[in-house]
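Structure, as structure tokens:
Readers should treat all values here as calculations from the given coordinates under stated rules, not as data from a laboratory. What you are looking at is a predicted structure, and each value in this text was computed from that prediction instead of being measured. Cβ atoms come from the backbone with ideal geometry, glycine included; neighbour counts cover every protein chain shown.
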Amino acid sequence: MGLECVVRDGVATVTIDNPAKRNAMTAQMWRDMPELLESLAKDPAVRVLVLTGAGEDFCAGADISELADINRSGDANLSSRAENALAGFPKPTIAAIRGFCVGGGCQLAAACDVRFAEEGARFAITPAKIGIVYPPTAIERLVGLVGPASAKYLLYSADLVPAGHALRIGLLQEVVEDLEARVGAYVATLLSRSQFSLEAAKDIIGGVVEGSLSEERLDDWMRGSLDGVDAAEGIAAFLERRPARFTWVRP
């Protein structure tokens, strides 16, 4: 039980492993998430992160037996700290979802950049069933993805909705028959692209959404775009009609 991580061929696969409780996150698992993500962010071998669950489910949320510890107020809120660490991860993040994605599971999935789900996946945000408040950071992120009306729909009812509904409201990018194959193909595409371009896009989009994109921050990326090794390689590859071999890594 815990967070399992395997790094292979540029991809860090983080697996939420507590199948006896549909991969519910214990307090220790919430605590471990930011530290794990920090180490992966610094690892030059990691270019993409995939978050998934062991067995038949993604994550059933927080372990209710440890909820008081998990949902302490302010900076001590363990689920919000993990969510923010995942949202702030500098490289592309993908949630690969099967089975139940509930409560804190939705919180983690929403903090990823892109979400793929199997056709049988089901989603719910359940604080109204137990009389608590969903973390404000998670509500803000949910509203950004699905809009205020759909966020209210999910939070008010706390009911399970199918993957097709989650796709229609913008919680998912794709619903697929073969999750492993589709995620693998998408990851392969990302690995063929410029890591510089991907990280710049993520950082700039984040700045736009948060209203925190400074001219200095943007200028740093644009200078790298004009003068960087990936730009030179990409242009040369295009002119020579060959696949690009990008080499940029985060300093």
For LYS42, give me every one of the lysines with a C-alpha distance below 30 angstrom, ignoring sequence neighbours fewer than eight places off in its own chain.
LYS91, LYS202
Segment 64-122 - convex hull of alpha carbons, volume per residue in Å³:
73
Output wanted: per-residue J couplings in Hz (rounded whole) for segment 193-205, from phi through Karplus 6.51 cos²θ - 1.76 cosθ + 1.60, θ = phi - 60°, x for Gly and Pro.
8, 6, 4, 4, 5, 5, 5, 5, 4, 5, 5, 5, 4
Taking every other residue with Cβ under 9 Å from the Cβ of GLU177 and scoring Lys and Arg +1, Asp and Glu -1, one gets -2
For the chain, what number results from the quotient of the Cα radius of gyration and 2.2 N^0.38 Å?
1.04
Hey, got the dipole for segment 194-240? About the Cα centre, +1 on K and R Cβ, -1 on D and E Cβ, debye to the nearest 20?
120
Size-normalised alpha-carbon gyration radius of segment 159-233, reference 2.2 N^0.38 Å
1.50
Relative exposure of LEU179, LEU226, judged by other C-beta atoms within 10 Å (fewest first):
LEU226, LEU179
Would you mind classifying segment 194-240 by shape? Square roots of the alpha carbon gyration tensor eigenvalues, ordered a ≥ b ≥ c; an a/c under 1.5 is rounded, otherwise it is prolate if a/b is larger than b/c and oblate if not.
prolate
Can you list residues whose amide H is under 5 Å from GLY61's amide H, if they're 5+ apart or on another chain and H is modeled 1.01 Å from N?
MET25, VAL102, GLY104, GLY105
Could you tell me which of ALA232, TRP221, PRO162 has its Cα farthest along the dipole of segment 156-232 towards the positive end, charges placed at Cβ (Lys, Arg +1; Asp, Glu -1), taken about the Cα centre?
PRO162
Rounded to the nearest 5, what % of DSSP beta bridges with both residues in segment 41-191 are antiparallel?
10
Residues other than PHE123 with Cβ under 11 Å of its Cβ, Lys/Arg counted +1 and Asp/Glu -1, net out at +1
